[in-house]
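Here is the structure we will look at.
The values are calculated or read from the model by the stated rules, or taken from the named source; none is laboratory data. Computed from a prediction, not measured in an experiment: that's the story for all the values here. Positions of Cβ are generated from backbone atoms using ideal geometry, with glycine treated the same way; all protein chains shown enter the neighbour counts. Protein only, heavy atoms only, side chains kept; ligands, DNA and RNA dropped before computing areas. Shrake-Rupley method; radii C 1.70, N 1.55, O 1.52, S 1.80 Å.
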Amino acid sequence: MDPINETHVSEPGLVVVDVAAADDATVLAFQQLLADRWATATGQHTTRDAGEPGVRLRCYLDLRQPISPAAPAEALPRGGAGRPR
């Protein structure tokens, strides 16, 4: 996979997720689970790396902006996530 761009992890709560699975259906189903819960920039296609088993997919999450109406309390606060208190 390509290197992670600094912009995608420039603030607490921004996450890059690289997923590997046996097939397209599995990796896309996992991505959908993430997208159902958080603001997610989804990948539209998987990649195959020569000589390696399975498929790969990269997606980007913003844990500060939950999509699921049942999960607003689970969102990380802007600017304060991951900082020691």
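Tallying residues that are closer than 14 Å to Arg58 by Cα, β-branched (Val, Ile, Thr) and open to solvent by 60 Å² or more (accessible area, probe 1.4 Å) within region 4-48 yields 4.
For region 45-73, a residue qualifies if it is more than 21 Å from Glu11 (Cβ to Cβ), at pLDDT below 75 and not small (Gly, Ala, Ser), and exactly one does: Pro69.
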